[in-house]
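The values are calculated or read from the model by the stated rules, or taken from the named source; none is laboratory data. Values in this document were obtained by computation on a predicted structure and should not be read as measured data. Using ideal geometry, Cβ is built from the backbone for each residue, glycine included, and neighbour counts are taken over all protein chains shown. Heavy atoms of the whole protein, side chains included, go into the accessibility calculation; ligands, DNA and RNA do not. Shrake-Rupley method; radii C 1.70, N 1.55, O 1.52, S 1.80 Å.
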Amino acid sequence: MQSRQLTMIRLLLLLSVTVPFAEANGCTTQVSSAGVLNLQNDIDATSQSPTQPASQVFAGGWCANTGANKAQLNVHFRNGYGIKGIIIYPLNPISYSKRVHVQYIPNGGNQIQEFPVPGGQLTMELNASLSYSQMGFSQGIAVTQLRFEVLSHQGPQACMKLELIGCPLDELCPGGCQNNGICQYEGHCACQTGWEGMNCELKQCSPQKLGLADGRIPASNILVSSQDPNHPKEKLGTDGWCPTQTDQSPWVQITLDKPTAVSVFEFGFLTRLQSDPERMFMREFNLQYIAPVDSTRSLRTFADNIPALNRTHYSTVSTNPVIVTDTIRIVSVSQEIRACFKLELQGCDPTAMCTANWCKNNGTCIGQNVCKCPTGYFGTQCGQTPNQIVATKLSFVNITNNTVITAVPSISFAVQGNVNLTAVPGKPEPVLTIQGTNVCIKMNVSATSASCITDIDLCLSGFTFAMDVSFKSLLDNTYIVSSGGNLPGHKGVALYYSQNHLYYIVSSSTFTWTLVVTYTPALNVWQHFEITWNPRLGVELLVNEHSLGTNGRPNPSGGSTSLPLAIACSHGQFAVNVNMMVTGIISWNFDRTMLVNAGIKPAPDTTTAASTSRAPPQTSTTTSTTTTTTAAATTTSMTPNIHSTTALPSSTSTLQLTTTTTKSPPQPTTTTQTPAKIPSYGWNLLNINHAAVVIGVDYNLTVHGTRPIHNVGVHLSNSGSYIMQAVK
């Protein structure tokens, strides 16, 4: 069977013996009492004493015969079982196992192997002062056999008593593994070729060339920022395209005849003419697209700073998840002389990528469990009408006994520090003033209050949170809202300010989306913040209904721990002196695109600051890297969301971006030309009013940050960005 191999299992070694498994989330059944084993047939040992046989290892305990060296005990799960924890007890103070080497056979496999833990080998230890040795895994692992090899022991015999913590496979992989997939670890299946998804329920995209090279995508479907007469857009798929020498913001936009699951971008070098310089190529680009489910047809960012070409190699970039779109824009951000390149796209028909009967009310499948809904229906499966899209308005009513009472009786916030409720002119409802170090409010979460607000995995159609904030002062690492989305092993959201940037992070149990935008909130001015997320479209951050950026590319991380939603603090990560006022939160269990489609929210203004998906500076993230070298190839496996395969004449490599590089023939030396200055366009400005708004003849502009004092000039480049600067 061909299947996707597990490249990394995140395990948490519980070194403390005081952490009870009962506090873990799910999969906590004791195997000794679960009735899943036939003790006589499913447990064996290379050596066992007559009075303490292997079958008694869960009850009275097992002992090897006196003098037995490196005795082994095997526990067999004939139908597979999920293991979340292992506990080894000494049988008595005289005879016990001091060091035990633990291995396993994975579900669907047939070879004994090591647990993927730091150091490469799982060894559990006991001594005279320990009552037991405990190992816990953050994600349960599906096994068919466990092997315990006693490396050393105290006394004449190797003895131990065992307990295993886990659950059946249908609990480890809820919903089961469809289409002959195999449960491999908690919440994840290894899928047969052609299938993917958490339960192997989604048909995999088998990409085919879309036709830039053979003309099936005509030149009329290609827009460019500019073009060199010798390298026009008509040659994009054959000999290559070049912008003009003066184009400092080059881009190419390709329109497809219908929504397509695009997953491969084949870049190549320009076919040079004698008059061309030695090297003209695009080094890196931002990938943008229009989502078919977006009625505003706004360009959104999938990923930034993707490698394309270098001096010796050309590239093939593969994206995972696939991008379902009918419009792709490639924006060069780094180039050698000019951003010239040749391109072919690959993709597949997305209409077969949904689970059977997924789309309701005549909705059309346009991606992995993504539906395009007919007029009047909304939601992930086209199952909701506009009157079913209801906002939760957590306006603040009063503060009683250090508890903020909201307009929703079941939801309140615990007060931490100097928090007061006050009336503010212009605001219809009271606002909170939050001032001091480690001062904030945290949502009170009960066992019965699980919702999209408290658990992001319940946000099946995404979410949108909106609130107004006025900063009296602003220091680095000031958190606006957080439920731990930026913390390792946690799921939730985080929005905070640091070093002239806003950081917005969303983590589910399996993926993390990170958006970083250059933006400094103004002081003493009310600003309307909106954060939104959808597992298929990614994250978007808006201020005053201006979109500051989007990021659709997730990284495979996340976690299982949830923290209560907090306003103005970081859940203990930073001690910051905050000074702000906030209104209540309005939330929807839908991403903002759906709210716009339903007429509930206005379309965002996208002519704002550029975004990047780089990681926050104060959050340390380590990516495991495994390198295997052979005589013919070098393969590097990293995070699997964007793959890069680099192919030399006799080598390939798989990275975060799949880049196939092939050496190009030597080129003649030429002189590099200096690009001409980019043209500027000006507006006549009249004055700046008291609200920091620049008044112009045709347009008004809001000033973010320090208000200019005299003679402000605003210049627009032809990329659509704007710069505000003082002109002497």
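Candidate cross-link partners of residue 235 among the aspartates and glutamates, defined by an alpha-carbon separation under 15 Å and a same-chain spacing of 8 or more, comprise 214, 266, 344.
Each part reduced to its alpha carbon centroid, region 328-399 and region 547-570 end up 19 Å apart.
Heavy atoms only, probe 1.4 Å: what % of the accessible area of region 456-551 goes to carbon and sulfur, would you let me know?
Details: 1390 of 2480 Å².
Within region 456-551, the accessible surface is 56 percent carbon and sulfur.
Place the peptides 439-445, 184-190 in order of packing, highest mean first, counting for every residue the other Cβ atoms within 10 Å and averaging per peptide.
Packing proxy ranking, top to bottom: 184-190, 439-445.
Restriction of the chymotrypsin sites (Phe, Trp or Tyr not before Pro) in region 416-481 to DSSP coil positions whose beta-carbon has at most 16 other beta-carbons within 10 angstrom yields no sites.
Calculated accessible area for region 438-529 comes out at 31 Å² per residue, all protein chains present (probe 1.4 Å; ligands, DNA, RNA ignored).
The amide H of residue 549, built 1.01 Å from its N in the peptide plane, has 541 as neighbours under 5 Å, considering only residues 5 or more places off or on other chains.
Could you tally the net charge around residue 123, taking each other residue with its Cβ under 15 Å from the Cβ of residue 123, Lys/Arg +1 and Asp/Glu -1?
Working: positive: 70, 98, 99, 147; negative: 114, 125, 149.
Taking every Cβ under 15 Å from that of residue 123, the sum is +1.
The order of the peptides 166-172, 153-159, 293-299 by mean Cβ neighbours within 10 Å, most packed first, is 153-159, 166-172, 293-299.
Within the accessible surface of region 304-432, defined with a 1.4 Å probe on protein heavy atoms only, the carbon and sulfur portion equals 48 percent. On a per residue basis, region 36-169 carries 41 Å² of accessible surface, using protein heavy atoms and a 1.4 Å probe.
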